[in-house]
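> Before I ask anything, here is the structure I am working with.
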């Protein structure tokens, strides 16, 4: 504790009422006489206990809802679920507060005032959906469906995601604000291109590992249960390495913490890779046998094909130098085998064929990382060279059998494709794919129920086929979104299109439990853009800043009021990665709230879109088929977990044809990626300095001397969500900016001061917490703050006041393949002479306004 | 005699505050009050040479509880089984105990005008059931049991920890609950 006073910190109000006669059963089996009144009561047993899943972050813990009189009164962890084994974080206990919040929307609403005036009128579902359906038909007919923007929040279940996606793709809509291209599509796109499956490095295996690297992955923010395995691994003697700009909870437990300069991650990975190769820690057999490292490369950077040497040869077969015969030999991509037995491909070197010099792709790769000595990386990353060396060697020495997990924030950069590529190569070089204690090549969920089938299987409509065939015409960023971007629109392009009308003017926005004004870069531009649209529908549980601009509001059911199949998102380790569980209602939707999926199915019927499935249950049953179950079976069984399997590239279980190898066109692990080269990237990862940084823009340093980051994730919130829970607001009361004490002293700040954080683009206000956990030149601000207690007329519930998304522009540059923006930049900080924001709730007395049954809120 | 305690492994505690929140749910504690709170000790040092741990603070089930000795009405007492509790029918809300507790573990309820504190979930009738914070901890860093029983889980953990077992500062009240911290310097003695 900092001083005795902080321990003796006094608290103020408490509202609990004492109930009557109480228990005094002994603790050790002896019955104690009832001679006193304890401070709490024995509750009457619940009427029912319902197993379900928590959906308040990506983790999907198993929970038990205690039901009394038709309402959930208490949440408990479900000890049967192998991931969270009965434990739960704070957020789960907020479920009843969030479900019965006086701020819940209960009925469809129609706006009756100006946008942002906060004037609404209750309407029926029929009126709401018929109005929307006729508006959609009108827009599709007159302007084309591509002028509709659709959007879903991150971390929703993927069943809902796919239903929304299918409906709007069928209408010809392509633009979104792109949840995934911030944090997820990078690793998905790259892993699919490199080894044939879409993963976020899911399925890392701490249960058998010798070493764990957590790269910008704050263990206490999302799905904590991985920590239980890390903890056990540490007890067994496994090493724990944390890479993070901040001294996080995880960093404080690490054997080695690498305090990296924000945005410079790529330099560190390349230094790791360089050490792995130079010091011979890499798995040479794996690289030679299973990757395209031995493939020869033409001077123009493309792989040498059989056709290049023989006009009758195949353009998809590749050439290696065979050390046995000292001649070129062919890899047959169709047969997934060499042209003849006894080939010993050269991994390194340069070879002459018909007078032309060809290097192996691995030689080119090695040459490209040679410059990344620990010393050079130290200059770029600000991590000491000997620490880099020590960490990389430990990783090498403990591989195969070392595992890696990254936080999504590491992908929030213009280098997102590259960094995902580099991570993937690092793990492969070390021999850590599909080995015990390493990385399982696993999708989410790894046991097969993949909700993407929702949209893959049914036939595609005419409008959609036409849109896809002419994507450049119908995309808000023509020619840019080539790979896995959201089919023609990432956030910045969508925002720009709304504001500028280029390349065309969007007409309608449909948002479903998402909050783009607060959550997307350049909040003010997003708001300006929305004001230019003809028609906005917002589906949510609560009124939000974006909702205030809508024409129609539809009330969504709480996640624990509906049926779903659930699984963990965002790169969890085994067993979470291999677990599927039921999410079922604790109680029926409040008021007239409806399940997001049901809303889409109903609307599709009114608009005349073929959803391909009769309803959600037909699809759920289909999804459970591969494991021999129906949805109702899952309801009875509650969860299923499968075991990880290893070395599937040897046994053929990674490929549909069951041949050994990877599910890629060549069957190889594409360390050297022609796809990435084709999509505007290089075939190999390389370092890019963040566009606004002390190195890129030293001229800004005089006015904006500090590096601004916003990547820390709250253990109370999920991005913009849960600001309506009084317990979460108590846990995390203020929008907080972390500043090193030396910097604070220089600037004259003390803990609790309100300061402005200002970039070239904008400013917002937060409250100072001094901490040596950040570098003296780094400022860390909490992201996504807004205040439901403020009114619509308070600049949309204070959406711009304390929210760092006003500090970043939409003007690029972006990752060329995915469209990801850079989120760190340079800022200055100075005292807010106008003091704290007005009208925000911080005291227990104020926060009572969020308690169920409190007067006020949306329902008043 | 028995001496029920918690043993909290600070090398494992992630500082997630779940113990504080589940406690509020279980004991229906009002806004602004906490029977269990989590302090951040540190970071201490200069970036990047830092140490930090989290310290959940709650009633230490002292052997010689000052809160009991200062209570003018006998409402505060150490039950036969060792749990420090408050008889509410005798509590007059004078708050002497709140001032006497070196750890700020007691709360004055402004609505009932009575004193509240951690009861080790004494109301959980099933005698084999653990306090909710022990059950729910996402780091599984809490143990619960009888320190006077040499074969209990807590006694074994404390014995195994040796010099890495720590008590909060003792001002004569003899705190009984134990914190385990091996990876860094204990700063709360």
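Read-outs: derived from the displayed coordinates by stated rules, not from any lab. Keep in mind it's a predicted model, so treat the numbers as computed, not measured. As a convention, Cβ positions derive from the backbone with ideal geometry for all residues, glycine included, and neighbour counts pool all protein chains shown.
> From the C-alpha gyration tensor of segment B:22-122, pull out the three semi-axes of the equivalent ellipsoid (sqrt of 5λ each), sorted largest to smallest, in whole Å.
29, 15, 13
> Roughly how large, in nm² to one decimal, is the mean projection of the convex hull of the alpha-carbon atoms in chain B?
One quarter of the hull surface, i.e. the mean projection, equals 11.2 nm².
> In addition: Calculate the mean, over all residues of peptide B:39-45, of how many other protein chain Cβ atoms lie within 10 angstrom of the residue's Cβ.
Counting Cβ atoms of other protein chains within 10 Å of each residue's Cβ and averaging gives 5.
> Could you work out the relative contact order of segment B:54-116? I mean the mean sequence separation of Cα pairs under 8 Å and 6+ apart, divided by the number of residues, in percent.
With pairs under 8 Å counted, the relative contact order is 31 percent.
> Using 0.36 nm per residue, how much length does the chain from residue A:528 to residue A:127 gain when fully extended, once their Cα-Cα distance is taken away?
Here the answer is 141.6 nm.
> Can you pull the mean other chain C-beta count within 10 Å for peptide B:143-153?
1
> Is the shape of segment A:487-545 rounded, prolate or oblate, going by the alpha carbon gyration tensor and its root eigenvalues a ≥ b ≥ c, with a/c under 1.5 for rounded and a/b larger than b/c for prolate?
Prolate.
> Now for a separate question. Among A:564, A:635, B:130, which comes first, then next, by fewest other beta-carbon atoms within 10 Å?
Final ranking by Cβ density, sparse to dense: A:635, B:130, A:564.
> Given the Cα atoms of chain A, and with Rh set as the inverse mean 1/r over their pairs in the Kirkwood sense, what is Rg to Rh to two decimals?
0.97
> Give the order of A:783, A:732 when sorted by the count of other beta carbons within 10 angstrom, beginning with the fewest.
A:732, A:783
> Count, for each residue of A:763-774, the Cβ atoms from other chains sitting within 10 Å of its Cβ, then give me the mean as a whole number.
Across the residues of A:763-774, the mean count of other-chain Cβ atoms within 10 Å is 2.
> As a test of understanding, state the convex hull volume per residue of segment A:380-474 from its alpha carbons, in Å³.
Spelled out: Cα convex hull of segment A:380-474, divided by residues, is 159 Å³.
> What is the packing order of peptides A:44-50, A:824-830, taking the mean over residues of other C-beta atoms within 10 Å and listing the highest first?
Most protected by this proxy first, the peptides run A:824-830, A:44-50.
> Which order, highest average first, do A:125-134, A:86-95 follow once you tally other Cβ atoms within 10 Å for each residue and take the mean per peptide?
Result, highest mean Cβ count within 10 Å first: A:86-95, A:125-134.
> Report the relative contact order of chain A, percent, no decimals, based on alpha-carbon pairs under 8 angstrom and at least 6 residues apart.
19 percent
> In whole angstrom, how far apart do the alpha carbon centroids of segment B:134-189 and segment A:728-753 sit?
After rounding, the separation between the Cα centres reads 32 Å.
> Okay, moving on. In nm², what is the average projected area of the convex hull enclosing the Cα atoms of segment A:571-663?
Taking a quarter of the hull surface, the average projection is 9.2 nm².
> Another question about this same structure. What is segment A:98-237's relative contact order, in percent, from Cα pairs under 8 angstrom and six or more apart in sequence?
12 percent
> Could you order the peptides A:515-525, A:748-758 from most to least packed, using the average number of other C-beta atoms within 10 Å per residue?
The most tightly packed comes first, giving A:515-525, A:748-758.
> Nearest 5 percent is fine: what portion of the DSSP beta bridges confined to chain A is antiparallel?
Around 60 percent of the beta bridges assigned by DSSP in chain A are antiparallel ones.
> Then there's this: Of the DSSP beta bridges with both residues in segment A:695-829, give the percent that are antiparallel, rounding to the nearest 5.
Antiparallel bridges: around 65 percent, rounded to the nearest 5.
> So, in Å, what gap is there between the alpha-carbon centers of segment B:1-36 and segment A:75-91?
16 Å
> When the convex hull of the C-alpha atoms of segment A:694-757 is computed, what volume per residue in Å³ does it have?
123 Å³
> Let me ask another. What's the center-to-center distance, using Cα atoms, between segment A:829-849 and segment A:119-137 in Å?
First find each Cα centre; the distance between them is then 37 Å.
> Could you give the radius of gyration (one decimal) and Dmax (whole number) of the Cα atoms in segment A:695-838, in Å?
When restricted to the Cα atoms of segment A:695-838, Rg and Dmax are 15.3, 44 Å.
> Still on this structure, please answer the following. By counting other Cβ atoms within 10 Å of each Cβ, how are A:81, A:565 ranked from fewest to most?
Least crowded to most crowded, the residues run A:565, A:81.
> For all pairs of alpha-carbon atoms in segment A:421-577, what percent lies in each bin of width 5 Å, listed from the first bin to the last filled one?
2, 7, 11, 13, 14, 16, 16, 11, 7, 3, 1, 0
> If segment A:167-241 were replaced by its equivalent ellipsoid, with semi-axes equal to the square roots of 5 times the Cα gyration tensor eigenvalues, what would those be, largest first, whole Å?
Sorted largest first and rounded, they come to 34, 14, 10 Å.
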